[in-house]
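Structure first, then comments.
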Amino acid sequence: GLPSPRKLGAVQRANTMSSSKLLGNQVSGQVDFSRPSALKAAVVTSGGDDSKGVMHTLKLGTYFGLWYALNIGYNIYNKKALNVLPLPWTMALFQLFAGIPYVMLLWLTGLRVAPKLNMENVKNLCPSAACHLGTHVGAVLSLGAGAVSFTHIVKASEPVVSAALSAIFLKQFMPIPVYLSLLPVIGGVGLASLKELSFSWLAFSTAMLSNVASASRAILSKTVMSGKPIGENLNATNLYAVLTIIAFFMLLPFNFIVESPTAVSAAWDAAITAGTSSQDMIKYIGLSGIFYYLYNEVAFLALSEVAPVTHAVGNTIKRVVIILASVIVFQNPLSFLGAMGSAIAIAGTLLYSIVKAKYK
């Protein structure tokens, strides 16, 4: 998920900024803008100029189209890679690495202003990077253990986790109607899990781990990290890039323990023996990494131009599109009650975002 501050204008300052301003409203994951309240940006208006209005509509439509297409591409190629190479930790490591050469090129050529950080800033960002890592690794582990559709159904319950953690650790309580709007999410996820034909506890628990890591990021920013300097030139895309780089180096040594080079080599040979060519494996892994980074970049561009309710609607449609695409591509069986549970859970996340916005 793309870490996205609540107020974009404050993020884009070139001065040193505090973590409480910049990190307080991040989302996960998959930097995915998965929480409907993650980004609160003003709708860009045309100023009465019809031509500008048309251009803005076209630009926004292009952003959302690319966001959906890249997200679908990531989920499909990630699952294809995991199907032939059951190495979720290595896959997550490569996907974190894939965007680093891209963003380094932008910084070195001056196409994007490079961030300025010292060791203290990096140290202050480490807790948030660890949550970013947990969000991504949890999702990849879940996608490797179960159906893509099931992972996204469970991921839809992140608002429930966020509300619970905010109440426990921040003592922040929302109005009763907001909590009641979470009941369809809980019931829908429960029904979908009960009737999921390919249900596994590993897929469920790791998807929930991803939710907890994503929600914990905001908790840390308001407690442990509050007020600490995190560097300069850290707009949302640069912050995402920096957290991704830190997360990559966090995972690198651990990855060699859980999935050693010997294990990776053995899995690669087994995949070739089973009939998958090296070219296909390289294609699956490479595209999953490229799509992972780019869909978060495009998501930032799209969601920075819409109001919260529009964001919530877009995010709801995104989940539906991913689930439908994965069912079509992978031919995953989906029972009637499982489909009903999925629909209820996803609609519940939209209801939650609308009710929460009303009571702000």
Item checked: Residue tally, condition within 20 Å of Lys360 (Cβ to Cβ), among the hydrophobic types (A, V, I, L, M, F, W, C) and part of a helix (DSSP H, G or I), over the range 163-176 -> 5
Margin query: Yes or no: the range 263-271 includes at least one residue that is buried (at least 16 other Cβ atoms within 10 Å of the Cβ) and modelled with pLDDT under 85.
Written below: no
Item checked: the range 224-243 residues that are on the phi > 0 side of the Ramachandran plot, paired with ones that are at pLDDT 85 or above (beta carbon under 7 Å, 6 or more apart) -> Gly231/Pro115; Gly231/Lys116; Gly231/Leu117; Gly231/Asn121; Asn233/Val113; Asn233/Ala114; Asn233/Pro115; Asn233/Lys116
Next item on the list: Can you give me the ranges of the helices (runs of 4 or more DSSP H) entirely in the range 1-112 with at least 3 residues that are at pLDDT 50 or above and open to solvent by less than 40 Å² (accessible area, probe 1.4 Å)?
Entry: 50-84, 88-109
Checklist line | Extreme residue, modelled with the lowest pLDDT, among residues of the range 218-233 that are open to solvent by less than 30 Å² (accessible area, probe 1.4 Å) and either among the charged types (D, E, K, R) or in contact with a helix residue (DSSP H, G or I) (Cβ under 6 Å, 6 or more places away or on another chain) (or both) | finding: Met225
Margin query: Can you tell me how many residues within the range 242-256 are crowded, with 24+ Cβ neighbours inside 10 Å and either small (Gly, Ala, Ser) or at pLDDT 95 or above (or both)?
Written below: 1
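Residue-wise test of (1) farther than 30 Å from Thr90 by Cβ; (2) assigned to a helix (DSSP H, G or I); (3) of a type in the set (D, E, K, R); (4) open to solvent by 40 Å² or more (accessible area, probe 1.4 Å).
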{"site": "Ser149", "(1), (2), (3), (4)": "no, yes, no, no"}
{"site": "His152", "(1), (2), (3), (4)": "no, yes, no, no"}
{"site": "Val161", "(1), (2), (3), (4)": "no, yes, no, no"}
{"site": "Val178", "(1), (2), (3), (4)": "yes, yes, no, no"}
{"site": "Ile186", "(1), (2), (3), (4)": "yes, yes, no, yes"}
{"site": "Leu191", "(1), (2), (3), (4)": "yes, yes, no, yes"}
{"site": "Phe199", "(1), (2), (3), (4)": "no, no, no, yes"}
{"site": "Phe204", "(1), (2), (3), (4)": "no, yes, no, yes"}
{"site": "Asn211", "(1), (2), (3), (4)": "no, yes, no, no"}
Margin query: Of the residues Thr109, Thr135, only one is β-branched (Val, Ile, Thr) and closer than 17 Å to Tyr74 by Cα; which?
Written below: Thr135
Next item on the list: Could you tell me whether Ala167 is at pLDDT 85 or above and within 17 Å of the chain's Cα centre (by Cα)?
Entry: no
Checklist line | Condition met for Thr316 (open to solvent by less than 70 Å² (accessible area, probe 1.4 Å), in contact with a Pro (Cβ under 9 Å, 6 or more places away or on another chain), of a type in the set (S, T, N, Q) and more than 19 Å from Tyr63 (Cβ to Cβ)) | finding: no
Next item on the list: Exactly one condition in (1) under 20 Å from Leu66 (Cβ atoms); (2) at pLDDT 80 or above is not met by Glu305; state its number.
Entry: (2)
Notebook entry, point to check: What number goes with the only condition from (1) open to solvent by less than 20 Å² (accessible area, probe 1.4 Å); (2) in a helix (DSSP H, G or I); (3) at pLDDT below 90 that His132 does not pass?
Noted result: (3)
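The values are calculated or read from the model by the stated rules, or taken from the named source; none is laboratory data. Small disclaimer: the values here were computed from a predicted structure and weren't measured. Cβ sites come from the backbone with ideal geometry, for glycine too, and all protein chains shown count toward neighbours. Remember, those area values only see protein heavy atoms, side chains included, never the ligands or the DNA or RNA. Shrake-Rupley method; radii C 1.70, N 1.55, O 1.52, S 1.80 Å.
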